[in-house]
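I have placed the structure first, in the form of structure tokens, so that the comments after it can refer back to it.
The values are calculated or read from the model by the stated rules, or taken from the named source; none is laboratory data. As the structure is a prediction and not an experimental result, all values here were calculated from the model. As a convention, Cβ positions derive from the backbone with ideal geometry for all residues, glycine included, and neighbour counts pool all protein chains shown.
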Amino acid sequence: MVPAQIALGRYFGGSPIKRASVDRADASWIHGRGANPRFDRVRCAKVAVIGCGSVGAAIAVLLAQSGIGRFVLIDPERLAWANVGRHPLGAPFVGTHKCVGLARKIRSDFPHVASVDAIARDIESVIMDELDALADCDVVVSATGSWATEAFLDVWHVGSELEGPVVYGWTEAHATAGHAVAIAKNGRRFREGFDACGKPHLQVTEWSGPTTLREPACGAVFQPYGAVELTFTVGMIAEVVLRALDCPVTVSTHGLWIGRSGPLRAAGGDWDPRWRSTVGFRDEGGFVTQLPWPDGSPAAMIPAEAAE
């Protein structure tokens, strides 16, 4: 019989015993501490984000934080210094393709994400080269802000093998209002909400003068608002995506973030007359609501929970 003191010395090599701290870092624990009821669904989901600017990139980051397991990020543009103020990517990524930098950030921040593919090309060329390049996605998010691109995507959606919805997201001038339109595979088309020139039939705000400024020398146009103003619209769009993963989208819908009247008027805008005539209009703003798509009648408005 070996004395306990000697046995312990042989087992631990004479080294002192030290208490170790063990932290969980698995995906289930990170996204809900093992109690997130939608974890299994979002973990297996694949989401494509087309347009990785200040809106699309922020949506992708929110979805990664929510536990989405697979991404396709598409954008041909590179990050510039002027983008940094309201883009999730900072100074180290200036000069990098936005989708490539965003993929790198998601992989670094969430190493348990199964896959993040970056395609530094425009969506038109991606689809022309491979008609069903996005067919295995559960949801496609378009945040390009380009009428031509999104009209093209709307036509593609009808004949493609993509069974899930396409969620189109954009802001109005100075991010004083935002939109999240979820187009069902067999629902009303995105183009039905616009005229032939790409002007939406329903706008929340109106402006008496130009809403953009020009950069000195190069002449590029911009709107001087920041990341805070974008957060409300970005959060709404990301929520629409998560809802689409929870429940199949069978009817096209229109989510709206209605900004507060104070910042709107301070920026030189006001409420659009048609929006004023909509049932549920509130002059103070500051809430989220939902309409059918396209909105055929002001009486169709369904008041939603206020975003106070």
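Each row is one residue, and each column tells you yes or no for (1) at pLDDT 95 or above; (2) outside any loop (DSSP other than H, G, I, E, B); (3) closer than 21 Å to Leu63 by Cβ.
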{"residue": "Asn83", "(1), (2), (3)": "no, yes, yes"}
{"residue": "Leu89", "(1), (2), (3)": "yes, no, yes"}
{"residue": "Val100", "(1), (2), (3)": "yes, yes, yes"}
{"residue": "Val116", "(1), (2), (3)": "yes, yes, yes"}
{"residue": "Asp132", "(1), (2), (3)": "no, no, no"}
{"residue": "Val140", "(1), (2), (3)": "yes, yes, yes"}
{"residue": "Phe152", "(1), (2), (3)": "yes, yes, no"}
{"residue": "His179", "(1), (2), (3)": "yes, yes, yes"}
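Can you say whether Asp23 is surrounded by fewer than 10 Cβ atoms within 10 Å (Cβ to Cβ) and either aromatic (Phe, Trp, Tyr) or at pLDDT 70 or above (or both), as far as the supplied structure shows? Criteria met by Asp23. Quick one: in segment 154-169, of everything that is in a loop (DSSP other than H, G, I, E, B) and of a type in the set (Asp, Glu), which residue is farthest from Ala45 (Cα to Cα)? Ranking the qualifying residues of segment 154-169, first place goes to Glu161.
Listed conditions (1) surrounded by fewer than 15 Cβ atoms within 10 Å (Cβ to Cβ); (2) at pLDDT 95 or above; (3) within 30 Å of Ala266 (Cα to Cα) are all met by Gly95, apart from (3). State whether the residues of segment 223-231 include one that is touching a Leu at 6+ places or on another chain (Cβ under 6 Å) and modelled with pLDDT of 90 or more. Within segment 223-231, none of the residues are touching a Leu at 6+ places or on another chain (Cβ under 6 Å) and modelled with pLDDT of 90 or more. Within segment 246-280, restricting attention to residues that are at pLDDT 95 or above, among the aliphatic types (A, V, I, L, M) and outside any loop (DSSP other than H, G, I, E, B), the residue that is nearest to Phe39 (Cα to Cα) is Leu256. Taken across segment 202-218, residues that are under 17 Å from Trp293 (Cβ atoms) and out of contact with any helix residue (DSSP H, G or I) (no Cβ under 8 Å at 6 or more places or on another chain) do not occur at all.
Select from segment 43-81 the residues that are assigned to a helix (DSSP H, G or I) and more than 23 Å from His179 (Cα to Cα) and write down the one among them that is farthest from the chain's Cα centre (by Cα). Among those residues, the one meeting the criterion is Trp81.
Contact map, segment 175-195: residues that are over 20 Å from Ile258 (Cα atoms) paired with residues that are outside any loop (DSSP other than H, G, I, E, B) and small (Gly, Ala, Ser), Cβ distance under 8 Å, separation 6+ or inter-chain. Pairs shown: Phe190/Ala151; Arg191/Ala151.
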